[in-house]
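Here is the structure we will look at, set down as structure tokens.
The values are calculated or read from the model by the stated rules, or taken from the named source; none is laboratory data. Since the model is a prediction, treat every value here as computed from it, not as a measurement. Neighbour counts are summed over all protein chains in view; Cβ atoms, including those assigned to glycine, are modelled from backbone coordinates with ideal geometry. The area values use the complete protein model at the heavy-atom level, side chains included, leaving out ligands, DNA and RNA. Shrake-Rupley method; radii C 1.70, N 1.55, O 1.52, S 1.80 Å.
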Amino acid sequence: MSSQLKRKTLHEHLSIQSDEKLQDIARNLYFPEEPYNRETLIPKIEAVLSDQKAMRRHSVKMLDREYTFIKRMLNYHGILKESESDVRSYYSFLSLGAVFTEEIEGETYLVMPEEIYHNFRKTNLEKMEDTIENNSRIYNLLVSMVELYGVVSIYDLIDNYNRFYKVMDEYVDNLNMEFFFTIQRVNNIRIKFIDNIQYFLHKDIVGNKGLLHNIMMVKKSHSPAILERRELLKYRHKDYYDNNEEVKDLKKFLYEFKGGEEVDQIVVEIHKVFKMNKTTDHIYDILNNHGIHISQKKQQQFFTILMDAYKNMRLWLTCGYTLNELAEMREEE
């Protein structure tokens with residue numbers, strides 16, 4: 001660690017922030033929308049963030065990776081290299097003004113203000129572990145479902161929570177989502193009320209009224225696909241796709257043109273095109289962007305392989321089913 005770097009007070013950190021950054025912190029702390037100037041805003045922010053009770057209220061809203069980040073921060077005296085931390089573990093603290101970045105000798109550090117560092121040291125974080133663990137269960141489940149299904153109602157979320165996490169016969173009919181609604185995090189989830197029901201939407205669907213309408217129509221006749229917990233939670237990684245035999249055949253075809261990592265990226269992009277219900281023209285745009293030009297002789301082979309992969313990919317428009325699974329279900333009806 002650079003000898004030039006040490007923890008500053010919260011006031012020192014806030015005093016060098018831009019007006020825009022201070023306004024962002026104020027919004028994330030849910031200050032009333034008033035035309036504060038920095039001279040009045042800084043003391044208000046300082047008063048909230050210096051309050052140990054407020055720190056406890058924030059602590060019970062943490063996820064497991066955020067909890068791990070704080071424990072690391074305390075072990076390293078409130079200073080960590082940004083390059084050694086996952087942005088998802090510290091983003092909420094940056095947005096609240098509980099952690100700041102500093103540039104020293106070409107390296108970016110995450111620095112916790114003096115008062116917040118000492119307040120966390122005084123807080124018995126171990127007592128909150130059960131709550132933090134449950135926050136993480138709900139959050140990871142929700143992220144996975146939104147990536148897989150595109151549109152998820154609060155009732156869909158509760159159903160899956162009960163399917164995977166209920167204790168004996170203790171069915172949960174409500175989830176405490178305060179940790180989600182009051183803290184900013186890095187994810188693709190947006191909130192929308194449809195017919196007075198709360199839905200969680202993938203951000204790529206929010207502005208696409210046609211796709212949203214079509215997904216909602218399909219949801220009227222099909223419940224979301226039921227996956228085992230381990231498989232469902234794989235979708236919390238935004239680029240995850242089922243690497244089944246049909247997808248492997250597609251990748252094998254593409255390996256003739258590109259190496260492994262680039263082929264993986266191409267398949268991620270193709271999967272996204274299919275989830276967005278776009279045409280095959282967009283697939284050829286992807287190939288062109290990656291410098292792949294398929295000869296006329298191989299066009300039919302590629303199209304057949306592509307369609308086989310398409311029919312075996314889990315899509316938003318099919319409630320997380322593959323097209324082949326839906327076809328089988330309809331045959332059984």
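Under the convention that each Lys and Arg Cβ holds +1 and each Asp and Glu Cβ holds -1, the size of the dipole of region 267-331 around its Cα centre is about 100 debye. The H on the amide N of His290, modeled in the peptide plane, is under 5 Å from the matching H of no residue at least 5 residues off or on a different chain. Relative to the longest principal Cα axis of the chain, at what angle does helix 64-75 sit, 0 to 90 degrees, rounded to 10? Its long axis makes an angle of about 40 degrees. Cβ-Cβ distance of Asp249 and Val186, R₀ of 22 Å, FRET efficiency by 1/(1 + (r/R0)^6): the value works out to about 0.05.
Considering only Gln265, Ser95, Leu142, and ranking their Cα positions along the charge dipole of the chain that arises from unit charges at the beta-carbon of Lys, Arg, Asp and Glu, the one farthest toward the positive end is Ser95.
When each of the peptides 112-119, 40-47 is scored by the mean number of other C-beta atoms lying within 10 Å of its residues, the order from highest to lowest reads 112-119, 40-47. The lysines within cross-link reach of Lys71, meaning a Cα-to-Cα straight distance under 21 Å and a gap of 8 or more places when in the same chain, are Lys6, Lys8, Lys53, Lys61, Lys81, Lys122, Lys127.
Residues whose amide H comes within less than 5 Å of that of Ser153, counting only those at least five positions distant or on another chain, are Phe200 (H built at 1.01 Å from N in the peptide plane).
Among the lysines, select those whose C-alpha is under 19 Å from the C-alpha of Lys275, and discard any that sit fewer than 8 residues away in the same chain. List returned: Lys203, Lys209, Lys219, Lys220, Lys234, Lys238, Lys248, Lys251, Lys311.
The candidate values were (i) 65, 61, 31; (ii) 54, 50, 48; (iii) 67, 52, 39; the one computed from these coordinates for Cα extents along the principal axes in Å carries the label (iii). Here's the picture: charge each Lys and Arg Cβ at +1 and each Asp and Glu Cβ at -1 in the chain, and of Ile194, Ile25, Ile45 the one pushed furthest to the positive end of that dipole is Ile45. Assuming charge only on the beta carbon of Lys and Arg (+1) and of Asp and Glu (-1), the dipole of region 222-277 about its Cα centre is about 280 debye to the nearest 20. Summarising the amide proton neighbourhood of Leu315: residues at separation of 5 or more, or on other chains, whose placed amide H is nearer than 5 Å comprise Gly320, Tyr321. Report the residues of region 98-135 in range of a label on Arg88: point 7 Å along Cα→C-beta, backbone N strictly under 19 Å from it. Residues 132-135 qualify, since their backbone N sits under 19 Å from the label point.
Only Cα pairs under 8 Å and 6+ residues apart enter the sum, and on that basis the relative contact order of the chain stands at 16 percent. For the chain, the solvent-accessible area works out to 54 Å² per residue, with a probe of 1.4 Å and every protein chain left in place.
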